[in-house]
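Bear in mind that the values in this text are calculations on the coordinates, not laboratory data. Here the structure is a predicted model, which means the values were calculated and not measured. As a convention, Cβ positions derive from the backbone with ideal geometry for all residues, glycine included, and neighbour counts pool all protein chains shown.
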Amino acid sequence: MCGIIGISNHPEASKIAFLGLYALQHRGEEAAGIISYDGKEAHVIKQQGLVADIFDESAILNLKGNTAIGHCRYSTTGSSTYKNVQPFFVTHRKRPIAVAHNGNLTNIEDLYQRLEESGSIFQTTMDSELIVHLLVRSKGNELKAWFIDVLSQLEGAFSLVFLVGDTLVGARDPQGFRPLCLGKLGDSYVLASESCALDLTRAEFIREIEPGEIVIISGNKIESCFLPKQKEARRAQCIFENVYFARPDSHIFDDNVYSVRKRLGAQLAKEHPAQADFVMPIPDSGMYAALGYAQELEIPFEVGMIRNHYIGRTFIQPTQFLRDFRVTVKLNPIRDVLKDKKIIVVEDSIVRGTTSRSRIEALRQAGAKEIHMRISCPPIKWPCFYGIDFPSRKELIASGHAIKDIANFIKVDSLEYLSLEGMLSVMKSSREFCTACFSGDYPVRVPETQSKYLLE
Ligand code: 5GP
Ligand code: MG
């Protein structure tokens, strides 16, 4: 997964990009980069690590120019190496072209084959580089026609920001898998994955970029057009952004993430009530659903476990040993709150089951005497091909096991998940979401070779 940001027509463009990335850090903790353009030269800084560690004041001062785009990343395609750090950047006809991409393309095999057969060579193993190759090959000089031609050839998930000289371009795939929004800061426009980035840059939220929309921003002028495919495409915004990925203070997919999560929790309480001394979340991700759950049943809410904030998201650690270790460091129970208590523990999701199993054990050791676990989304059974790093079916615990078996594995007295219908019923536009990870109903054709391995 990734976070993207873009700004044009601002004397401190790279500072704005930096602040935006800082607010989007949760979308990718592996690497980050900013590229700026000062009218003559492009300046790039990209590196593995956290945004705050990569960019200091002098770095920002070196990133001169009024136009900048930035990216922070988890690797979903391409390995986690320096050459795969975005934005991806080339010079073409003496003009810089750079792209930052969030989402996964699903037709990269076809595109690679076509490009390689006609002579392209590649520097990275990222699908984002493909987009730049397509761009420099596309004929015509007018930006709008250029982008429509190129983006029409892509399939799958893409929220994109481009820097083309002084011009900033933003686009979203016709299904709208990943979020992208538009803000205004004085005479400048800002594009960002989530509105929490606009808040930090003090830009005013204007609207979301529509699925299938391309916006071209030059100076203080903005022009919009749509991909032809947008007309027949069904909207398939990633519902897991709402469940887990996005920040609760963001407004995405026409809703506030915090309120969606509380509604998911309330719906979960209606479907699977339980009696207990109190409701508690697995912090931080289970916090808001737990609050909704407790309020719905009028059961006290407690925080029985404290999150260590000096550690990032634990999910994408390379080995199971590291994941276990990090989870223990990250979440520590409070004995005095838990001793001899009957509790309901709310978590946003179970993927492999690692977090739940280890933290439930810790809650028991801290004295909890009865534990009922509730999950604010349905069982995750299918891998994601559109940008969320859900592993193969083999590794997804709910794919090979009944809920009863999962309850035994994580050692809870009861375990219940929110239903798919219940989940959709609390969304503003229930027919506009991708639910493939729960239902196996993939809205866009999935890549053949990858699916052979992942869907086994
Ligand atoms: P599990 O331990 O079951 O594999 O993972 C579940 C935990 O990981 C939950 O606490 C959930 O909040 C979190 N999680 C779910 N999906 C993702 C993801 O895509 N990335 C990260 N970093 N965490 C995730
Ligand atoms: Mg979590």
What pairs from Lys339/Lys411; Lys184/Lys262; Lys330/Lys411 go past 22 Å between their alpha carbons?
Lys184/Lys262
Principal semi-axes in Å for the stretch 3-233 [√(5λ), Cα gyration tensor, largest first]
24, 20, 17
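Rounded to the nearest 0.05, what FRET efficiency do Asp336 and Phe205 give with R0 = 60 Å and r taken as the Cβ-Cβ distance? Could you check?
On the way: r = 42 Å, r/R0 = 0.70.
Computed FRET efficiency for Asp336 and Phe205 comes out at 0.90.
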Given backbone amide H placed at 1.01 Å from N, residues whose amide H is under 5 Å from that of Asn107, ignoring those fewer than 5 places away on the same chain, are Glu155
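Can you tell me the relative contact order of the stretch 3-233? Whole percent, Cα pairs under 8 Å, sequence separation 6 or more.
Working: 584 pairs, mean separation 50.0, N = 231.
Worked out over the stretch 3-233, it gives 22 percent.
Any idea what % of Cα-Cα pairs in the stretch 320-370 are farther than 18 Å?
On the way: 393 of 1275 pairs.
In whole percent, the long-distance tail amounts to 31.
How long are the three semi-axes of the equivalent ellipsoid for the stretch 226-311, computed from the Cα gyration tensor as the root of 5 times each eigenvalue, in whole Å, largest first? Walk me through the numbers before you get to the answer.
Values: eigenvalues 190, 56, 16 Å².
Computed over the stretch 226-311, the values are 31, 17, 9 Å.
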Report, in whole Å, the centroid distance computed from the Cα atoms of the stretch 376-409 and the stretch 139-170.
35 Å
May I ask for the percentage of alpha-carbon pairs in the chain that lie more than 27 Å from each other?
53 percent
Hz values of 3J(HN,Hα) by residue in the stretch 20-37 - Karplus curve (6.51, -1.76, 1.60), Gly and Pro given as x:
x, 5, 4, 6, 9, 3, 4, 7, x, 10, 8, 7, 8, x, 9, 10, 10, 9
Computed magnitude of the charge dipole of the stretch 185-247 (debye, nearest 20; Cβ of K, R +1, Cβ of D, E -1)
200 debye
Residue by residue through the stretch 101-113, the couplings from Karplus 6.51 cos²θ - 1.76 cosθ + 1.60 with θ = phi - 60°, in Hz, x for Gly and Pro, are 10, 10, x, 10, 7, 10, 10, 5, 4, 4, 5, 4, 4
Enumerate the amide H contacts of Leu415 below 5 Å, restricted to partners 5 or more residues apart or on another chain; note that Pro and chain-start residues carry no placed amide H.
Met373
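Mind pulling up the Rg/Rh value for the stretch 260-437? Radius of gyration and Kirkwood radius, both on Cα.
Details: Rg = 15.5 Å, Rh = 16.4 Å.
Using Cα coordinates only, the ratio equals 0.95.
Which GluC sites (Glu not before Pro) in the stretch 370-442 pass both tests, a DSSP loop state and at most 16 other beta-carbon atoms within 10 Å? Spell out each step's value before the answer.
On the way: sites: Glu370, Glu395, Glu416, Glu421, Glu432; in loops: Glu395.
The qualifying sites are Glu395.
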From the phi angles alone, apply the Karplus equation (6.51, -1.76, 1.60; θ = phi - 60°) to the stretch 174-184 and give each ³J(HN,Hα) in whole Hz, x where the residue is Gly or Pro.
x, 7, x, 3, 9, x, 6, 10, 10, x, 10
Whole-number D in µm² s⁻¹ for the stretch 34-128, Kirkwood Cα-pair radius fed into Stokes-Einstein, 4 °C, 1.567 mPa s
88 µm²/s
With the 8 Å Cα cutoff and a minimum separation of six or more residues, the chain has a relative contact order in percent of 13 percent
Once the Cβ-Cβ distance between Asp254 and Ile403 is put in as r, and R0 is 30 Å, what FRET efficiency do you end up with, to the nearest 0.05?
0.40
Roughly how many nanometres apart are two label points built 7 Å out from the Cα toward the Cβ at Asp413 and Gln47?
5.1 nm
Specify which residue in the list Phe321, Val346, Ala366 is farthest towards the positive end of the charge dipole of the stretch 260-437, using unit charges on the beta carbon of Lys, Arg (+1) and Asp, Glu (-1), about the Cα centre.
Phe321
Note: probe point = Cα of Ser118 + 7 Å toward Cβ; backbone nitrogen < 18 Å; residues of the stretch 134-163 passing the test are 134-142, 145-155
Can you give me the C-alpha center-to-center distance between the stretch 216-242 and the stretch 328-371, rounded to a whole angstrom?
42 Å
